[in-house]
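Asker: Please see the structure below; I have some questions.
The values are calculated or read from the model by the stated rules, or taken from the named source; none is laboratory data. Quick caveat, the model's predicted, so the values are computed rather than measured. Cβ coordinates were reconstructed from backbone atoms using ideal geometry, including for glycine residues, and neighbour counts include every protein chain displayed. Just so you know, the surface numbers come from the protein's heavy atoms only, side chains and all, with ligands and any DNA or RNA stripped out. Shrake-Rupley method; radii C 1.70, N 1.55, O 1.52, S 1.80 Å.
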Amino acid sequence: MKPGIGPIDRCSMDYLVQHLLQTRARSDVGREALVDGATRLTYAELERLSNRLGNALAGMGIRRGDRVATFFRKSADEVAAIFAILKAGGAFVPVNPLLLPPQVSHILNDCRVTAVITDPAGLEFLKEMFASVESLRLVLARGARGSSEDRWRSVDLSPLLAEGNDAVPPDLCLSIDLACIIYTSGSTGRSKGVMLSHGNILASARLGSSYLDYRLDDRILSILPFSFDYGLFQLTSAFLHGACLVLCTFRFPGEIVDLLRRERINGLGGVPTLWSLLTEKRSPLHQGVLPHLRYITNSGAALPQAVLRALRAALPDTRIYLMYGMTEAFRTTFLPPEEIDRRPGSIGKPLPDVEIYLVNDKGEPCAEDEIGELVHRGPTVSMGYWGQPEATERMFRPNPFAPPELRHAERVCYSGDLVKRDADGFLYFVGRRDAQLKCSGYRVSPTEVEEVLYETGLLREVAAIGVPDELLGHTIRVFASPRDGREVRVDELLDFCGRRMPRYMIPRRIDILDDLPKTGSGKINYPLLRQRAAAPGEPRGND
Amino acid sequence: MSGADGFDATILAFLRDRFPFARQRSVTRNDSLLESGIVDSLGVLELVEFLERTFGISITEEDLVPKNFDSVGRMVDLVVQKRAGRGAAE
C-alpha cells in the first residue's frame with residue numbers, strides 16, 4: 001500500500017492491535033503475559049521479542065499490507081510472530097495446524113503471502129508444498145538452515161528472537177487497515193479469507209469481554225487455535241485486560257484438568273467437542289476441585305443440553321457463558337449464566353454495541369417466534385472476503401432498515417443462520433439457510449468434500465451430506481456412483497481423502513450406488529439422501 | 001503368529017483407516033503417534049473406544065496417559081496387560 005501523510009505520534013491512543021501489548025508492556029512491566037510449558041514471558045519480554053522480530057521482518061522486506069501466514073501448534077513463538085507481523089505493518093494469516101498441504105496451499109496462494117512463520121515440524125510438513133506458492137519469498141522457523149529454494153529462502157527464527165533491534169517499530173497502519181485474514185468455509189467451494197481490520201479486532205476484544213468480569217491477574221487457558229476467531233479473541237481480550245494467557249495442547253482430558261489446577265486458571269473457553277471430552281466418564285474433571293475456575297465460555301456450536309448438565313454437575317461454582325458468533329462478524333451474542341435454566345437452547349442477546357435484526361423472506365422484521373435470518377450490525381462486522389467482491393456483496397449488504405439517505409453508508413452481515421426470538425427478545429438458533437456444516441467446531445462446505453472426491457477421477461457423481469452427531473456436531477456421509485461402471489473400493493476413496501483433507505472433513509461413511517437419486521429437474525436429490533441417512537438402523541461408519 | 005502380533009495388525013489397520021496422517025506416513029509399530037500429531041485428542045477417545053470394543057477390556061482414567069498410547073506397540077502392551085489382569089481377577 002502506498003503511504004500517505006500520517007500523524008507524528010499515537011499520543012497514547014490504542015488504535016492498533018499491537019498497541020494492546022505495547023500499553024501493557026509500559027504500564028505493567030513485570031506482569032506475566034504468556035505461559036507456554038516451561039516458557040514464561042512478561043508483557044515487557046513479549047514486547048521486546050515482537051519488536052525484534054518486527055524490525056527483522058521489515059529489514060527483510062515485509063511491507064505495509066503484506067500478508068504473512070503463521071502455521072503453529074500452540075506456542076509462544078506464534079504469539080510473538082503475530083505481533084511482529086503487525087508491527088512490520090503486515091497482516092497475519094493464522095492457518096489451522098490441522099490442515100493438510102492442499103488446503104494450506106490454497107490459503108497461501110489465495111491471499112498471496114510474502115512469508116510464512118512456522119515451527120520446525122510445520123516447516124518439514126509444508127516444505128514441498130511451498131513450491132506451489134508463487135508469491136512466497138521467506139520462510140522463518142527455528143532451526144531452518146537458511147537455504148535458498150527457487151523462489152523462497154528459509155531463515156532461522158532463533159537468532160532473530162535472541163537479539164536485534166529492540167526499538168518499537170513506527171506505526172504504519174490505521175484502525176481501518178487490514179490486520180488479519182481468517183480462512184473459513186462457507187456452504188460451497190474452498191475456504192474464503194475473512195478480512196479483519198485492527199478496529200474489528202479491538203472492538204471484539206472490548207465488547208466480547210465486557211461482561212466476563214475480567215480482573216487484573218486473571219489467568220486464561222488458551223486451547224482453541226488462533227486461526228479460530230474465538231481463539232484469537234482470547235488472546236486479544238487477555239492482553240486488553242492485562243491477564244495472563246496460558247497455552248495448552250493436550251491429548252487427554254487429564255492434561256487439561258492438571259493445567260487448570262497447576263496454573264490456577266480463572267477462565268477457560270472451548271467448543272462443544274472439548275466439553276464432551278472433559279465430561280467424558282473417565283475425565284478427572286468429576287473429582288477435581290477447581291476453586292480458581294470462575295467461568296467457562298462455549299462457542300463454535302450449540303452445546304448439547306446433556307453436556308451442559310454434566311458440566312454444571314462437575315463445576316457447580318463456575319459460571320457458564322454460552323456464546324454465539326461467526327468469523328464474518330467476529331462476536332455477536334451471549335447467554336448469561338443466570339438465564340441458562342430459564343431459556344434452554346437460547347443463544348442469548350446481543351453483546352454491547354451490537355444490534356441484531358431478524359429478517360423474514362419478505363425482507364421484513366420477524367414477529368415473535370417467527371423464524372428469520374440473523375443480521376448483525378456493529379463495529380465487529382468484518383471488511384468482507386479477501387479477493388471475493390461477489391461473495392462479499394451477498395453476505396455484507398446495506399442496512400435494510402436505515403433511512404434511504406444513510407443506507408449506502410454502512411454494511412451489515414447476513415449470517416445465513418436461521419433464528420427466532422421469544423417474548424423477551426432472547427434469540428434461539430434454528431438451523432442454516434444453506435448446506436454449511438459444523439464438524440468438531442469447524443465449518444465445512446459439503447461441496448469441498450465432493451470436489452476432493454471428484455479429483456480421484458473414479459466417480460461420476462458425488463453427494464456429501466451432514467449427519468447430526470452429538471459429540472462432533474456433524475459427521476460427513478457421502479453417496480457416490482462410479483464412472484464408466486468401474487468398480488470402486490470405499491477404502492481407496494478413504495485413502496485418497498486421508499491424503500487430501502483434515503480429519504474433521506473426512507467422510508465417516510461412503511456408499512457406492514449405481515446411480516444417485518434425482519429430482520424432477522435431474523439434479524441430485526439431496527433431501528432424499530438426507531432422509532435415507534437419518535433412517536433408523538442406518539450405520540454411522542464403514543467399519 | 002503370536003497373539004500380540006495379531007493385536008498389532010488390528011490396531012494398525014484401524015489407525016490407517018481412521019487417521020489420515022497414519023496413512024500418509026505409513027506408520028509402523030514403534031512410531032510415535034502423539035508427538036507427531038498423527039493422533040489428536042478426539043482421536044485418543046476413538047482409540048480408547050476401539051480398544052475397549054475390540055479387545056473386551058476396560059480402560060480407566062489412570063490408563064489415559066501418553067505412555068500407553070504413544071505407539072501401536074504401547075497400546076498392544078496395554079491390551080496384553082489389561083487382559084492378563086482380567087484373567088487373574090476372574
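Asker: Given H placed 1.01 Å from N in the peptide plane, which residues other than close sequence neighbours of A:R219 have an amide H under 5 Å from its amide H?
Answerer: A:C244, A:N266, A:G267
Asker: With every protein chain left in place, what is the accessible area of A:S105 in Å² (1.4 Å probe, nearest 10)?
Answerer: Roughly 20 Å² of A:S105 is accessible to a 1.4 Å probe.
Asker: Right, another one. Positive end of the charge dipole of chain A (Lys, Arg +1 and Asp, Glu -1 on Cβ, about the Cα centre): tell me which of A:M501, A:L235, A:Y324 has its Cα farthest that way.
Answerer: A:L235
Asker: Among A:P539, B:N68, B:Q81, pick out the residue whose Cα is farthest towards the positive end of the charge dipole of the protein assembly as shown, where Lys and Arg carry +1 and Asp and Glu carry -1 on C-beta, about the Cα centre.
Answerer: Value: B:N68.
Asker: Averaged over A:246-255, how many beta carbons belonging to a partner chain fall within 10 Å of each residue's beta carbon? All intermediate terms of the calculation are to be shown ahead of the outcome.
Answerer: Values: counts 0, 0, 0, 3, 3, 16, 12, 5, 4, 4.
Mean inter-chain Cβ contacts per residue within 10 Å come to 5.
Asker: Which value, in debye to the nearest 20, gives the size of the charge dipole of chain B about its Cα centre, when Lys and Arg are +1 and Asp and Glu are -1 at the Cβ?
Answerer: Charge dipole, chain B, about its Cα centre: 280 debye, nearest 20.
Asker: Let me ask you something else. Please check chain A for the longest run free of GluC sites (Glu not before Pro) that are loop-located per DSSP (anything but H, G, I, E, B) and have at most 16 other Cβ atoms within 10 Å.
Answerer: A:1-127
Asker: Give the accessible area for A:C413 in Å² (nearest 10); use a 1.4 Å probe, count only protein heavy atoms, and leave out ligands, DNA and RNA.
Answerer: 0
Asker: Provide the packing ranking of A:507-518, A:218-229, i.e. peptides ordered by the mean count of other C-beta atoms within 10 Å per residue, highest first.
Answerer: Averaged packing, sorted descending, gives the order A:218-229, A:507-518.
Asker: Compute the accessible area of each residue in the range A:273-289 twice, once for its chain alone and once with every protein chain present, using a 1.4 Å probe on heavy atoms, and list those whose area falls by at least 30 Å².
Answerer: Listed by number, the residues meeting the 30 Å² cut-off are A:L277, A:E280, A:R282.
Asker: Right, here's the next one. Run the dipole for chain A about the Cα centre, Lys and Arg Cβ at +1, Asp and Glu Cβ at -1, nothing else charged, and hand back the magnitude in debye, nearest 20.
Answerer: So the dipole magnitude of chain A works out to roughly 420 debye.
Asker: Taking a threshold of 18 Å on the Cα-Cα distance, which of the pairs A:K362/A:K420; A:K192/A:K362; A:K349/A:K420 fall above it?
Answerer: Too far apart for the 18 Å limit: A:K192/A:K362.
Asker: Need one number: % antiparallel among DSSP beta bridges in the protein assembly as shown, to the nearest 5.
Answerer: 60
Asker: Would you mind giving the mean number of other chain beta-carbons within 10 Å of the Cβ of each residue in B:35-46, as a whole number?
Answerer: 5
Asker: With just the Cα atoms defining each centre, how far is the range A:304-356 from the range B:13-34? Give it in Å.
Answerer: That distance is 38 Å.
Asker: In addition: What list of ³J(HN,Hα) couplings, whole Hz, do you get for the range A:25-38 from phi and the Karplus terms 6.51, -1.76, 1.60, once you set θ to phi - 60° and write x for glycine and proline?
Answerer: 4, 7, 8, 10, 3, x, 6, 6, 10, 8, 10, 9, x, 7
Asker: Can you work out ³J(HN,Hα) from phi for every residue in the range A:393-407, in order, using Karplus 6.51 cos²θ - 1.76 cosθ + 1.60 and θ = phi - 60°, giving whole Hz and x for Gly and Pro?
Answerer: 5, 5, 8, 10, 10, x, 5, x, 9, 7, x, x, 5, 9, 4
Asker: Shape call for chain A from the C-alpha gyration tensor, a ≥ b ≥ c root eigenvalues: rounded (a/c under 1.5), prolate (a/b greater than b/c) or oblate?
Answerer: rounded
Asker: Counting only C-alpha contacts under 8 Å and six or more residues apart, can you give the relative contact order of chain B as a whole percent?
Answerer: For chain B, the relative contact order is 32 percent.
Asker: So, for the range A:196-295, what is the accessible surface per residue at a probe of 1.4 Å, expressed in square angstrom?
Answerer: Heavy-atom accessible area per residue stands at 28 Å².
Asker: Sort the range A:162-269 into rounded, prolate or oblate with this rule: let a ≥ b ≥ c be the square roots of the eigenvalues of the Cα gyration tensor; rounded if a/c is under 1.5, and if a/c is not under 1.5, prolate when a/b is larger than b/c, oblate otherwise.
Answerer: oblate
Asker: Excluding ligands, DNA and RNA, what is the accessible area buried between chains A and B, summed over both sides, using a 1.4 Å probe, to the nearest 100 Å²?
Answerer: Interface area, both chains combined: 2500 Å², rounded to the nearest 100.
Asker: Karplus couplings for the range A:158-173 from phi (6.51 cos²θ - 1.76 cosθ + 1.60, θ = phi - 60°), rounded to Hz, Gly and Pro as x?
Answerer: So the J values, rounded to whole Hz, are 4, x, 5, 8, 6, 7, x, 7, 8, 5, 5, x, x, 5, 10, 10.
Asker: Right, something else. Taking Cα pairs under 8 Å and at least six residues apart, what relative contact order does chain A come out at, in percent?
Answerer: Relative contact order here is 11 percent.
Asker: Using the alpha-carbon centroid of each, what span in Å lies between the range A:452-484 and the range A:64-119?
Answerer: The range A:452-484 and the range A:64-119 have Cα centres spaced 30 Å from each other.
Asker: Can you pull the accessible area of A:F334 for me, 1.4 Å probe, Å² to the nearest 10?
Answerer: Here the residue's solvent-accessible area equals roughly 30 Å².
Asker: Report the Cα centroid-to-centroid distance between the range A:1-44 and the range A:198-254 in angstrom, as an integer.
Answerer: Taking the Cα centre of each part, the range A:1-44 and the range A:198-254 sit 16 Å apart.
Asker: Students often forget the sequence filter, so: which lysines lie under 30 Å Cα-Cα from B:K82 once same-chain residues fewer than 8 apart are removed?
Answerer: Cross-link targets: A:K281, B:K67.
Asker: Summarise the accessible area of the range B:3-83 (1.4 Å probe, protein heavy atoms) by the percent that is carbon and sulfur.
Answerer: 48
Asker: Further, regarding this structure: Picking from A:Y43, A:V68, A:Q436, whose Cα lies most toward the positive end of the charge dipole for chain A (charges on Cβ: Lys, Arg +1; Asp, Glu -1)?
Answerer: With unit charges placed on the Cβ atoms, the residue in question is A:Y43.
Asker: Threshold 40 Å², probe 1.4 Å: give the residues of the range A:119-136, in number order, that are less accessible with all protein chains present than with their chain alone.
Answerer: Buried-area filter returns A:F125.
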